[in-house]
Amino acid sequence: MTNFTIWALMIDISIISGLLLIGTILRAKVKWIQALFLPASMIAGFIGLAFGPSGVNVLPFSDQFSTYPELLIAVIFAAIPIGAAKVNIGDVFHRVRNMFSYSMILTLSMWGAGALFGLLILVPLFSNLPSGFGLILGAGFLGGHGTAAAIGEGFAHYGWEEAMDLGMTSATIGILVAVLGGLFLIKRSTEKGQTQFITSFKDLPDELRSGLMPKNKRYHMGQETVSSSSIDPFVLHLAIIAFVIGVAYWLTNMLTAFIPSVSIPLFSVAFVLGLIFQSISRRIHADDYIDQRVMERIGGTATDFLVAIGIASINITVVIDYAVPLILLFVFGILWAYFLFRFIGPNIFQEYWLEKSLFGWGWSTGTVAMGLALLRIVDPELKSKTPEDYALAYIGVAPVDIIIVTFTPILFSLGFTWIIPVVLLLISALIVAIYKYTGLWGKNHKQQM
């Protein structure tokens with residue numbers, strides 16, 4: 001298609017939705033696909049890539065198809081704070097100190113180490129390689145397709161258009177590394193007797209393999225907080241997200257016109273406006289009518305479409321042009337993620353180190369969803385409380401993550417390159433030093449390793 005109309009949008013959504021259905025069916029029925037634990041959205045993306053413009057080009061995607069991730073990532077970030085429960089930061093930190101520390105080290109060091117590797121090794125080796133190339137590791141491996149879209153959007157404003165394709169490639173490879181590497185680590189850990197809740201890799205529930213939930217394990221997607229005689233409950237939540245995104249878009253254009261030298265990403269503005277909306281709704285006691293589970297499902301919907309569209313819209317030519325430095329960056333990222341899994345996790349966590357470190361492996365190479373998928377394999381009933389601890393710890397990690405994703409493209413584009421990885425790695429080292437100074441470092445390692 002050459003002209004973009006509302007019908008072109010409908011065709012794009014229809015095609016990618018059909019691919020998502022095919023991906024779901026393949027995951028449910030094909031044994032070797034089940035063994036890979038790939039999400040349906042990723043399977044859909046691969047099919048779209050094979051049959052789309054970069055493949056045999058039989059799927060009639062519009063010319064605007066590759067621009068959808070910019071909007072979808074804004075939906076994801078806007079949905080995060082809206083409807084969230086109010087928490088006491090002091091109590092939360094006391095309970096999940098170790099998970100918070102581990103998450104901070106993982107977040108800061110993946111971004112910092114990737115950026116530093118790019119500056120020290122890749123940029124000197126390959127001519128015309130952008131100084132921010134190493135950030136592709138953190139954007140794809142740690143952040144996933146959503147963060148890759150955000151980083152790609154940021155760098156695109158400063159002339160590096162290929163960053164989006166490279167970020168999506170990094171996120172895609174990261175998920176494969178998370179799954180295949182995670183399965184290898186699980187098999188080896190069960191053989192060594194390091195797992196607390198399973199003794200064999202064969203102890204997996206069927207829903208983890210097929211992706212289909214049996215009736216006795218299903219739960220509600222959310223609650224109806226208003227009467228449908230007034231407005232449909234789902235429409236209310238969609239309206240909130242659409243309103244926040246619209247205001248964010250308008251405000252982003254205003255900021256761009258006012259400060260043309262600095263590009264503020266749409267998703268960052270959407271996140272801040274989401275926080276403001278949640279704060280106002282809480283003050284006027286309207287937050288009781290916003291269901292967090294529904295907001296999570298809206299964000300999850302945007303994520304599935306983002307993954308499928310992001311993979312399907314990858315420009316293979318760009319990936320081939322950057323193939324060698326990409327491979328070197330990915331190899332380094334795998335080694336660094338294994339270092340975090342093998343040496344940081346066991347020394348930080350005082351109990352269930354294997355389960356929590358494995359979750360960290362899935363998160364640091366793929367996405368949080370991949371981390372949870374791997375966790376469910378070794379901890380089917382989630383007795384380690386890893387998801388709960390992570391959800392609470394992320395309250396403190398999220399602002400740091402947002403700051404990194406928002407400002408690193410700006411700072412790199414303005415020439416402030418070395419300061420970013422140095423600061424991030426120094427903070428990581430400081431957290432380790434605090435653990436060693438307080439005697440908490442290696443406590444679990446000595447007892448269980």
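Hydrophobic, long helices, defined as DSSP H runs whose alpha-carbon span along the helix axis is 20 Å or greater and whose mean Kyte-Doolittle value is at least 0.0, occur in the chain at 6-29, 97-117, 163-192, 233-258, 266-283, 292-312, 323-339, 386-413, 419-438. Split the chain at each of the GluC sites (Glu not before Pro) in a DSSP loop with at most 15 other beta carbon atoms within 10 Å, and the longest piece is 1-160.
Rounding to the nearest 20 debye, state how big the charge dipole of the chain is about its Cα centre with +1 on each Lys and Arg Cβ and -1 on each Asp and Glu Cβ. Walk me through the numbers on the way to the answer.
On the way: 26 positive and 27 negative charges, 304 e Å.
Using Cβ point charges on Lys, Arg, Asp and Glu, the chain gives about 1460 debye.
Report the relative contact order of the range 283-387, percent, no decimals, based on alpha-carbon pairs under 8 angstrom and at least 6 residues apart. Averaging sequence separation for qualifying contacts and normalising by length gives 15 percent for the range 283-387.
Largest first, the extents of the alpha carbon coordinates of the range 338-449 on the three principal axes equal 47, 33, 24 Å. Please report the base-10 log of the normalised intensity I(q)/I(0) for the chain, using a Debye sum with one equal scatterer per alpha carbon and no solvent, at each q in 0.05, 0.08, 0.11, 0.12 (1/Å). The computed values of log10 I(q)/I(0) come out as -0.17, -0.46, -0.91, -1.10.
Residues considered: Ala337, Ala270, Ala50. Largest GNM mean-square fluctuation over the chain, using C-alpha springs under 10 Å, is found at Ala50. Using +1 at the C-beta of Lys and Arg and -1 at the C-beta of Asp and Glu, which of Ala239, Phe332, Gly55 has the Cα lying farthest in the positive direction of the dipole of the chain? Highest projection toward the positive end goes to Phe332.
At a 1.4 Å probe, what is the % contribution of carbon and sulfur to the accessible area of the range 275-384? Don't jump to the answer; show the numbers that get you there.
Values: 2850 of 4510 Å².
The computed percentage sits at 63.
Just so you know, the averaged projected area of the alpha carbon convex hull for the range 35-190 sits at 13.4 nm².
Along the chain, counting only trypsin sites (Lys or Arg not before Pro) with a DSSP assignment other than H, G, I, E or B and at most 10 other Cβ atoms inside a 10 Å radius, the longest segment between sites is 219-449. The residues of the chain expose on average 47 square angstrom of accessible surface per residue, using a 1.4 Å probe on protein heavy atoms. Over all Cα atoms in the range 299-365, the spread is summed up by Rg and Dmax: 16.3, 47 Å.
Classification of the range 282-404 by its C-alpha gyration tensor yields an oblate form. The axis ratio a/c (a ≥ b ≥ c) is 1.5 or more, and b/c is at least a/b.
Assuming a viscosity of 0.890 mPa s and a temperature of 25 °C, what translational diffusion coefficient in µm² per second does Stokes-Einstein assign to the range 155-289, Rh being the Kirkwood radius over Cα pairs?
Numbers: Rh = 20.3 Å.
The calculation lands on 121 µm²/s.
Rolling a 1.4 Å probe over the protein heavy atoms of the range 94-158, with every protein chain left in place, gives an accessible area that is 59 percent carbon and sulfur. The solvent-accessible area of Met104, taken with every protein chain present and a 1.4 Å probe, is close to 20 Å².
The values are calculated or read from the model by the stated rules, or taken from the named source; none is laboratory data. Every value quoted in this text rests on a predicted model; they were computed, and no experiment measured them. All Cβ positions, glycine included, derive from the backbone under ideal geometry; neighbour counts span all protein chains shown. The protein model used for the area step is the full one, side chains on, heavy atoms only, and it has no ligands, DNA or RNA in it. Shrake-Rupley method; radii C 1.70, N 1.55, O 1.52, S 1.80 Å.
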